[in-house]
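The structure appears below as structure tokens.
What follows is calculated from the coordinates using simple rules that are stated; it is not laboratory data. Note that the structure is a prediction, hence the values are computed from the model and not measured. Don't worry about glycine lacking a Cβ; one is built from the backbone with ideal geometry, like all the others, and counts go over all protein chains shown.
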Amino acid sequence: MPSRFWSFVILVYWSIAAFWLFRSDVLPEFTLGNPPDLRAIAVAGDSERPTHWSIQVVDNAREPDSRRAVGEAVTASARRPSGGYELTSHVDFDAGGILRGTPFASRMSSMRLLVDSRYTVDASGNLLGLLLEVKSPDSADALIEVKGAPRGKLMEIVSRGPVPLLNQRWTFDYEPGSVIHDALRPLDRLPGLHVGQRWETRIVNPFTGQLDKARVEVVGRGFTHWNGKAVATFEVVQHSGPLVARTWVKTDGVILRQEVPFPLTRIILERKPDVDAQDDPRTTTP
């Protein structure tokens, strides 16, 4: 039996180890903290490399891992001379391919669409403006244009399109730093997540100009199969009316896969591995 001195040393060592284990693995799950804001997302995504995404459709809900590609997306975050950030995305997809297997498939056998978006964020994380454009590859003119800008404590969204239904204007109370994004623009990162976090976000539909409010919650932790490995991730669930979507986020905030809340079909945006970093264990191990 160890002496009283060594028993004390063992007790101190065990207490320190238990404290650090609690602090690193247990305490974060009970610390809700602040939800991700636009500045945190922009800073975390600031890189010279754009992020590439595969747009996929799940045809059979019983086989969610069996997906077919219908397009690609490229996202980027860049610092501006003013100290703020500019978040951009370019989406190229086959609208007919997305609607295959739905009642609208026969009306749109094949139609490529481009969706470009630009979000300007100031140094404190407030949205200064947004611009979404839906285009055809055959024309430089936008089919649908959605603009947004703050008006005092309100955010104003204006949409323009070829039919009166698309020419609309909305305003809503804007909380500084809160996240607004369009349905087809994948977010690169959600830093600082903890299980139990809840927040609200606004989603702009680029095809209708309509604005939806979504409730978001970090529901748990687990492992996601990505790039040939099992990666530790948070599971984030988003409720927008009757639609439910999920996002899988690495513990360092990097988003690997996210669902688009889209009626009649299930669309998946999956992050493509960085070709130059595939062999770097710091970017691929859980």
Which number gives the lysine pairs in region 32-284 that have C-alpha atoms under 26 Å apart and are eight or more places apart or on different chains? 9
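For region 32-284, compute Rg over Rh where Rg is the Cα radius of gyration and Rh is the Kirkwood radius from the inverse mean 1/r over Cα pairs. Please report the intermediate quantities before stating the final value.
Values: Rg = 17.8 Å, Rh = 18.8 Å.
Answer for region 32-284: 0.94.
So if we plug the beta-carbon distance of Asp59 and Lys272 into 1/(1 + (r/R0)^6) with R0 = 30 Å, what FRET efficiency do we get, rounded to 0.05? All intermediate terms of the calculation are to be shown ahead of the outcome.
On the way: r = 21 Å, r/R0 = 0.71.
That gives a FRET efficiency of 0.90.
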Arg118-Glu86 pseudo-label distance in nm [points 7 Å out on the Cα-to-Cβ vector]: 0.5 nm
Leu165 label point, 7 Å along Cα→Cβ, cut-off 15 Å on backbone N: hits in region 130-158? 144
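Using 0.36 nm per residue of separation minus the Cα-Cα distance, give me the extension gain between Arg221 and Ala140 in nm, one decimal. Please report the intermediate quantities before stating the final value.
Details: separation 81, 0.36 × 81 = 29.16 nm, distance 4.40 nm.
In short, 24.8 nm is gained.
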Let me see the pair-distance distribution of region 158-267: every alpha carbon pair, 5 Å bin width, integer percents in order. 2, 11, 19, 22, 19, 13, 7, 4, 3, 0
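What is the gain in length, in nm to one decimal, between Arg68 and Val195 on full extension, counting 0.36 nm per residue of separation less the C-alpha to C-alpha distance? Could you put the intermediate results ahead of the total?
Values: separation 127, 0.36 × 127 = 45.72 nm, distance 3.13 nm.
Full extension of this stretch gives 42.6 nm more.
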Cβ neighbours within 10 Å, averaged per peptide: list 134-147, 247-260, 188-201 in order, most packed at the top. 247-260, 188-201, 134-147
